[in-house]
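What follows is a set of notes on a single structure, which appears directly below.
The values are calculated or read from the model by the stated rules, or taken from the named source; none is laboratory data. None of these values were measured; they are calculated from a predicted model. A quick note on method: Cβ atoms are made from the backbone with ideal geometry, for glycine too, and the neighbour counts reach across all protein chains shown. Side chains are part of the model used for accessible areas, which takes the heavy atoms of the whole protein and leaves out ligands, DNA and RNA. Shrake-Rupley method; radii C 1.70, N 1.55, O 1.52, S 1.80 Å.
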Amino acid sequence: MIIRQGKQDEAGAIAAHLLLAMEDIAYLFIGAEDKSLALHFLETLVAQQGNQYSYDNNWVVEENGHVVATALVYDGSQLHELRKPVAALVQDAYGKDFNPEDETQGGEYYIDCIGVSPDQQGKGIGSKILHHLIDEYVEKRGATLGLLVDDDNPNAKRLYERLGFKVVGEKWLMGKHLEHLQRSPAD
């Protein structure tokens with residue numbers, strides 16, 4: 001198993017894994033509960049540089065030459081800049097305004113989502129990705145990692161806390177109440 005930065009030619013695989021993690025949110029963005037349309041939307045963005053969902057903001061888990069998981073991570077201070085191309089695509093292609101609440105801010109690298117192939121779930125891949133991200137951002141770069149966890153997902157919260165993430169606040173995103181957790185070098 002290899003964990004590495006995503007590549008542009010993996011846009012389809014990365015988009016499929018992102019959709020696993022954020023399906024309902026993607027439907028809200030495009031205004032339709034249509035899996036193929038949502039996948040096309042995400043694949044279009046993943047294939048481009050300089051946006052929130054870009055391949056270069058994704059870490060992939062590769063096993064036997066196939067992407068089996070992805071983790072979307074970006075600098076929170078760049079959120080508004082990274083959202084501009086997303087907002088433009090949502091407006092141009094779907095005729096909708098795109099202005100969700102800020103899920104992150106400066107001072108943290110934000111783990112937007114982690115998507116693991118259904119046939120690979122329960123094998124510890126999510127934990128391995130998180131360990132990798134902690135090593136890469138917190139240990140090597142001395143940066144803070146942040147993420148949001150849904151109130152309806154206590155198992156994920158327990159995992160994050162076991163890995164040293166601490167609740168630092170709460171946020172609302174797309175009508176959902178979420179807890180904001182961070183892992184800092186001092187933790």
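Please enumerate the residues belonging to segment 60-79 that are in contact (Cβ under 8 Å) with a residue 12 or more places away in the chain, closer than 19 Å to THR144 by Cβ and not hydrophobic (A, V, I, L, M, F, W, C).
Selection gives TYR74, ASP75, GLY76, SER77.
Being more than 22 Å from PHE29 (Cα to Cα), modelled with pLDDT under 95 and basic (Lys, Arg): is that true of LYS96 here?
Numbers: more than 22 Å from PHE29 (Cα to Cα): no; modelled with pLDDT under 95: yes; basic (Lys, Arg): yes.
No: the conditions fail for LYS96.
Being open to solvent by less than 60 Å² (accessible area, probe 1.4 Å), more than 12 Å from the chain's Cα centre (by Cα) and under 23 Å from LEU148 (Cβ atoms) is the requirement here; does VAL46 meet it?
Considered against the rule, which asks whether it is open to solvent by less than 60 Å² (accessible area, probe 1.4 Å), more than 12 Å from the chain's Cα centre (by Cα) and under 23 Å from LEU148 (Cβ atoms), VAL46 comes out as no.
Given (1) within 11 Å of GLN182 (Cβ to Cβ); (2) open to solvent by 30 Å² or more (accessible area, probe 1.4 Å); (3) of a type outside the set (S, T, N, Q), identify the lone condition not met by VAL138.
Of everything listed in (1) within 11 Å of GLN182 (Cβ to Cβ); (2) open to solvent by 30 Å² or more (accessible area, probe 1.4 Å); (3) of a type outside the set (S, T, N, Q), VAL138 misses just condition (2).
Hey, among the residues in segment 85-129 that are among the polar types (S, T, N, Q) and without any contact (Cβ under 8 Å) to a residue 24 or more places away in the chain, which one's surrounded by the fewest Cβ atoms within 10 Å (Cβ to Cβ)?
Taking the candidates together, the pick is ASN99.
Any residue at all in segment 18-26 that's open to solvent by less than 60 Å² (accessible area, probe 1.4 Å) and either modelled with pLDDT of 95 or more or basic (Lys, Arg) (or both)?
yes
Collect the residues in segment 142-183 that are without any contact (Cβ under 8 Å) to a residue 12 or more places away in the chain and part of a loop (DSSP other than H, G, I, E, B), keeping them in residue-number order.
Taking segment 142-183 first, the residues without any contact (Cβ under 8 Å) to a residue 12 or more places away in the chain are 152-156, 158, 162, 169-170, 175.
If the condition is that a residue be without any contact (Cβ under 8 Å) to a residue 12 or more places away in the chain and part of a loop (DSSP other than H, G, I, E, B), then ASP152, ASN153, GLY175 are the ones that fit.
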